[in-house]
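Beneath this line is the structure, given in structure tokens, with notes to follow.
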Amino acid sequence: MFWIFTFGLLCIPIFVCAFTDNECYVTCSDYFYREGDVTIGAFFPLHIYYTGNKVPGKYLPYSFQDYRVQYKFKNYQFVLALVFAIEEINRNPDLLPNTTIGYDIYNIPFTEKNILRSIFLWRTRIINPLPNCDCGQKRKSPVVLTGPSWSASAHIGTFLQLYKIPQVTFGPFDSILNDRGQFNSLYQMSPKDTSLSLAIVFLLLQFRWSWVGLIIPDDHRGTQILSDLRENMENHGICIAFLKIISSAWNAFSNELWKNMYKIEESSANVIVIYGDIISVQGLMRHIAQLLVTWKVWVLSSSWDVDTHSDYFMVESFHGSLVFSHHHDEMVEFMNFVQTVNPYKYPEDNYLPKFWHLFFKCSFSEFNCQLLENCQPNASLDLLPRHHFDPAMNEEGYNIYNAVRAVAYSIHEMNLQKIQTQPYAKGEEMVFFQWQLHPFLKNTIMRSHIGRHTATHGGGNLDAQYDILNFWNFPSGLGLKVKVGTYSLSAQQGPQFSLCEQMIQWPTGFTMTPQSVCSKSCRPGFRKAVQEGKAVCCFDCIPCADNEISNETDMYQCMKCPESHYANSEKSHCLQKSVSFLAYDEPLGMALIITALCFSLLIAAVLVVFVKHRDTPIVKANNRTLSYILLLTLFICLLSSFLFIGQPNTTTCILQQTAFGILFTVALSTVLAKAITVVIAFKATVPARMVRWLMVSRAPNFIIPICTLIQLIICGIWLVTSPPFIDQDTQTEHGHIIIVCNMGSTVAFHTVLGYLCSLALGSYTMAFLSRNLPDTFNEAKFLSFSMQVFFCVWITFLPVYHSSKGKVMVVMEVFSILASSVALFILIFAPKCYIILLRPEKNSCHNVRHKKHSRRNINLFT
């Protein structure tokens, strides 16, 4: 035992410390023990020494005069868990009867040199130990507990395996310590963290955090967790915003740490995952606590105790953090035990008086530093603030509790086996070597005799379970860890994740659930386009193309709607298209119908007028029969426009084009016949036998059936080869399926139209040749002009028809039929109706003879 004196104690935010002039407070022993038939050695980090100004010592090299001590009161729970487990076993009459268990507790120094010195002290029981010397107090220690730092356990394990002394670690699982070739006497109570990375990813997915920072230690554990996290993050679409590898040599005032913290604070990632044990990232955690970073959410591994860094201000950096901790049952008995702990109950414990002096204002006795005076009545550890001491058993304490029970069961089984094979006399002490405990300890852990825990040895491990804790530390000093979720992974059920978001308190810099994304989610109607040269989580939102949708967020491809559907305005759903066609009740359809009906009635009226005045010269001129045929044909042509209006069917589709072609063929052939009749009439004065035969035989009347027969043949071929049919136009009008008639063969349609144009050209030629022939009722000029209008209508129709779609095509064809029919009617029959109705005096035989006689007199004079 050795004592170190100082004149004060520095108060810093990392561990609970105090300046005091009391010599008892700053005097600290490196170990204490309780006697027992069997003692368990334990190495816990309970206090450290440090120097303020590094004043060199006068007598020893590499020593300092201004040493100070820091008590790690948070780690005192390790001691309490050990004592609680031992007392529980000692009270059990069925476990190790007639055998009491004691303990040998040693402080783990900060340096590797002093760690080895402590293990030598435990082994030899003398202050200045010698290797291979066992001459101290004869306390039998069959096993040693070490932790939580893996490096300290590794240093101690290197020594213990020389003597094959069993070593049980209660710190986080470490792959190096699991190397049976290097540490064949070491057992780890903590489960592997192989599923920790997946648990963290599930948490990130729960809140849609796809852009996170990652801070890991610069060691093999950091390398392993980085590999696991990267794989799981990539599989679930989560990106690492930044990666910082922290050296354990960096303290809170390191320049490198300051540079890295600036980048971390300025990062766009609001969620940062920190992985590492207390030793590896302690400098970083101190620095974060001092900077009061309240606008980041920290996701911490189970091996870090966040509430050791709270002091100074009402706000605190780690308030709202989410901590993963290995699941363990709540130990209510332990909390009851903590309430009974006091310095008088455990006089050998040299840490309890420090608690009572610091927190309960007790004074040390002048004669003995273990005795206290003027203490508060009913003082108890469970009355302390949670950021100073938490009476609930933590993960490391639970591992210690299970380790002690595993050792007890192993010794019990070994004793039973020895009694069966080698009985010993009553009162004789059981003697065994430490290495003999190995098979029993291994089997005890593997068979899970201790229950309610997960243990690993030689690579085996049970199903891992994690509790998700939310750290409540507002106002600073509250220091509560509230369980808000769980995660488990089993071979039978797979990953099981649950979280109660309503219970979570977020950092004070957030008023609602934090978001941590590189780019905001693309809402339905948009697709993701990854930004070139950046992570996949950084993207632009591009609107879906026409008639394409995305009905989920963050879709990479838009889906095309079926032909029978169309995309809504937000492009998030496909809606059923409504069937549409040129209906009677539409304004456009109604206008066409009214126009057709009005002119049809007008034509009928003109026909009645012509029939009534059939014996007048103007009606009889140019063949009144042809006039009747033309009027009837135009009447039917106007009515044929009804075939184009209303919902199409197979019959109407066939009749539309054939009726159009045949009726206009009759009309144009009638005009041609009238033009030819005018020419023949004026040639009749010529004494030619052929002309007289044409007049007598009425040859112009055969033009109509011949021309119509030719058109019938063309239409027949059309109907046989490729008849018109019902078609659906899904592209022209948004949100509608337009029912139209597909003409079938465009060649046949244009052939019909070309034949009509050839008839119109023939009629125009004949009418144009006879335009200057003298006659009172010569209508050749009107016929030629009507053909010109006909040409203009249908030549204009062709480009407009082919450039339009849907209903517009139908409207254009109906309009052309109406326009050409009305043009023929007005230009040919309007002058005749004018004479018949308004100038009847011109429609008489006397007027006709007078005009002829006057013309002869003029000819005589000329």
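Just so you know, all these numbers are worked out from the coordinates, no wet-lab data involved. Everything numeric here is computed off the predicted structure, so don't read it as measured data. A quick note on method: Cβ atoms are made from the backbone with ideal geometry, for glycine too, and the neighbour counts reach across all protein chains shown.
Worth a mention:
- Computed FRET value (nearest 0.05) for residue 781 with residue 731, which takes r as the C-beta separation and R₀ as 45 Å: 0.45
- Cβ-based exposure ranking for 286, 221, in which fewest neighbours within 10 Å come first: 286, 221
- For the listed peptides 37-48, 347-358, 717-728, a ranking on the average number of other beta carbons within 10 Å per residue, highest first, reads 37-48, 347-358, 717-728.
- Above-threshold pairs, the threshold being 28 Å between Cα atoms, out of 571/805; 192/244; 192/534: 192/534
- Assuming charge only on the beta carbon of Lys and Arg (+1) and of Asp and Glu (-1), the dipole of the stretch 133-226 about its Cα centre is about 360 debye to the nearest 20.
- R0 of 45 Å, Cβ-Cβ distance residue 553-residue 291: FRET efficiency to nearest 0.05: 0.80
- Label point at residue 420 placed 7 Å out along Cα→Cβ; residues across the stretch 78-121 whose backbone nitrogen lies under 18 Å: 95-97
- Prolate is the label for the stretch 589-637. Its Cα gyration tensor axes, ordered a ≥ b ≥ c, give a/c of at least 1.5 and a/b above b/c.
- Residues 579, 431, 752 in ascending order of nearby Cβ atoms (within 10 Å, fewest first): 431, 579, 752.
- Taking a straight Cα-Cα cut-off under 19 Å and skipping sequence neighbours fewer than 8 places away in the same chain, the aspartates and glutamates within cross-link reach of residue 418 are 37, 94, 428, 429.
- When 398, 344 are sorted by how many other C-beta atoms sit within 10 angstrom of their C-beta, beginning with the fewest, the order is 344, 398.
- Annotation: extensible slack from residue 765 through residue 333 equals 143.5 nm (criterion: 0.36 nm per residue apart, minus Cα-Cα distance).
- Local electrostatic count at residue 517 - Lys and Arg +1, Asp and Glu -1, tallied over other residues with Cβ under 11 Å: +1
- With K and R counted +1 and D and E -1, the other residues having a Cβ less than 14 Å from that of residue 561 yield a net charge of -1.
- Student exercise, the stretch 526-576 dipole from Lys, Arg, Asp, Glu Cβ charges, in Debye to nearest 20: 100
- Charge tally in the Cβ shell below 10 Å around residue 731, where Lys, Arg are +1 and Asp, Glu are -1, residue 731 excluded: -3
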